[in-house]
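Worksheet for the structure shown next.
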Amino acid sequence: MTELRRWVRALSKHVALIVVAVLMIYPLLWMVASSLRPNDEIFTSPGLLIDTFDFRHYPDGWNALARPFSTYLLNSAIVVAGSVVGNLISCSLAAYAFARLQFSAKRIAFVIMLIAIMLPVHVLIIPQYVLYAQIGWINTFLPLIVPKFLATDAFFIFLMVQFIRGIPVELDEAARIDGAGHARIYLQIMLPLMIPALATTAIFTFIWTWNDFFSQLIFVTKPDLYTVPVALRSLIDAQSQSDFGALFAMSVISLVPVFLVFLFGQRLLLRGIATTGGK
């Protein structure tokens, strides 16, 4: 009887999880199905079954704007690549300094960094725009990439600081006995041990930057430099809000890189969030 109750409980939990999962991914599945339906059936068919397949939305959406959609995918890839590299380098260096170095006003600087996490982007966007306009960076990718090399994402610094604090200090002391300085300790000891935290930073930076619409809309106004989110919004305007099939088709394509990154990096992502760095 006890085994039967356990089996019923386990079955109930799995059924509940499946139902919740279906509800969560239903909008995504509906968007994929809608990208394959004729326009007149998109909003009249809330289900996932497709009566008439219409593959024209993909080539129509690909060529709907002044440039092929591959141009906007490439633009987003450039911004994402620069942002990922910048965050990995700058945030890991800043985290090592906070976690291992001793310097004046260290606690004050750490508190200021934590306060920066709470500031919404809308508070900073106006002074940033004024600054970038004065130095001629508007309508370039520089405002979207260069700040990442200056450790502006305080969340990732905090994440790496917590990770490094879990690494035994004895490793640093042993390295110093062998004559290693901070640069060697950082490169040869910390970075290999920080792979889960670095992977977490890279994955989140990729997803957040790829999906970022507000900053890219503000700093990039040339159609040739549009990224994927801005191009999708322009696709609605270009189609006079009528060809939703093309919009959904390009939305599906834009989600493929995010899906692949999360699919292949989920193990490192979970390790980076769950572990403390101690071995």
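Which of the residues that make up the range 112-161 are loosely packed, with under 15 Cβ neighbours inside 10 Å, over 19 Å from the mean Cα position of the chain (by Cα) and closer than 30 Å to I195 by Cβ?
I112, L114, I115
Restricting the search to the range 185-222, which residues are closer than 22 Å to L124 by Cβ and over 16 Å from the mean Cα position of the chain (by Cα)?
L217, I218, F219, V220, T221
Please enumerate the residues belonging to the range 49-78 that are among the small types (G, A, S) and part of a helix (DSSP H, G or I).
G61, S70, S76, A77
For the range 102-151, what are the residues that are β-branched (V, I, T), more than 14 Å from S215 (Cα to Cα) and touching a residue at least 12 places away in the same chain (Cβ under 8 Å)?
I117
Out of the range 79-108, which residues are farther than 27 Å from V230 by Cβ and in a helix (DSSP H, G or I)?
The answer is S92, L93, A94, A95, Y96, A97, F98, A99, R100, K106, R107, I108.
Kindly establish whether S35 is small (G, A, S), over 27 Å from the mean Cα position of the chain (by Cα) and not assigned by TED's automatic domain parsing to the domain that holds I145.
For S35, the condition - small (G, A, S), over 27 Å from the mean Cα position of the chain (by Cα) and not assigned by TED's automatic domain parsing to the domain that holds I145 - is not met.
Between L101, L88, which is surrounded by 14 or more Cβ atoms within 10 Å (Cβ to Cβ) and assigned by TED's automatic domain parsing to the domain that holds F163?
The unique qualifying residue is L88.
Looking at V230, V261, which is the one that is under 19 Å from the mean Cα position of the chain (by Cα), at pLDDT below 90 and under 21 Å from G82 (Cβ atoms)?
None of the other options fit; the residue is V261.
The values are calculated or read from the model by the stated rules, or taken from the named source; none is laboratory data. Quantities reported herein were computed from a predicted structural model and do not represent experimental measurements. Note: ideal-geometry Cβ built from the backbone for every residue, glycine included; neighbour counts use all protein chains shown.
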